[in-house]
């Protein structure tokens, strides 16, 4: 896990600069899926790491938080939609609309949606936010936290 190594190596500098750590973690950390057990387990481990590290951050003046992006308009998602569309014999747009309807979403997330939260979490305005994981998923993720 590269973020664990990075945090370990950069922690002295983060302490000195009162820096920020924002881990981007898949939403399967919160919503187990029988078809995605390995990925979900890794996501849950990263969520646990983030929460644990935030305790050190509180002590050392480093903000540590996480973002759980939902499905976001990226090249990877475009490839997945194309694969599913081809497998189902329909257009990519039909596959996209079927997904949105199934999930009750009006649109997919955009990279700017995730970036805006990351910028906020690394600002002075977010200094009192510590050890939190925030979903940017249009309300898709069920659950209480």
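A short reminder: the numbers here are calculations on the coordinates, not readings from a lab. These numbers were taken from a predicted model, which means no experiment stands behind them. Here Cβ is always computed from backbone atoms with ideal geometry, including for glycine, and neighbour counts include all displayed protein chains.
Among the residues of region 8-55, those identified as surrounded by 14 or more Cβ atoms within 10 Å (Cβ to Cβ), out of contact with any strand residue (DSSP E or B) (no Cβ under 6 Å at 6 or more places or on another chain) and more than 30 Å from residue 103 (Cα to Cα) are 10, 11, 14, 15, 19. Filtered by the rule that a residue be surrounded by fewer than 13 Cβ atoms within 10 Å (Cβ to Cβ) and touching a strand residue (DSSP E or B) at 6+ places or on another chain (Cβ under 8 Å), region 102-126 gives a lone residue, 111.
Residue-wise test of (1) surrounded by 12 or more Cβ atoms within 10 Å (Cβ to Cβ); (2) closer than 27 Å to residue 4 by Cβ; (3) in contact (Cβ under 8 Å) with a residue 24 or more places away in the chain.
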| site | (1), (2), (3) |
| --- | --- |
| 87 | no, no, no |
| 90 | yes, no, no |
| 100 | yes, no, no |
| 135 | yes, yes, yes |
| 138 | yes, no, yes |
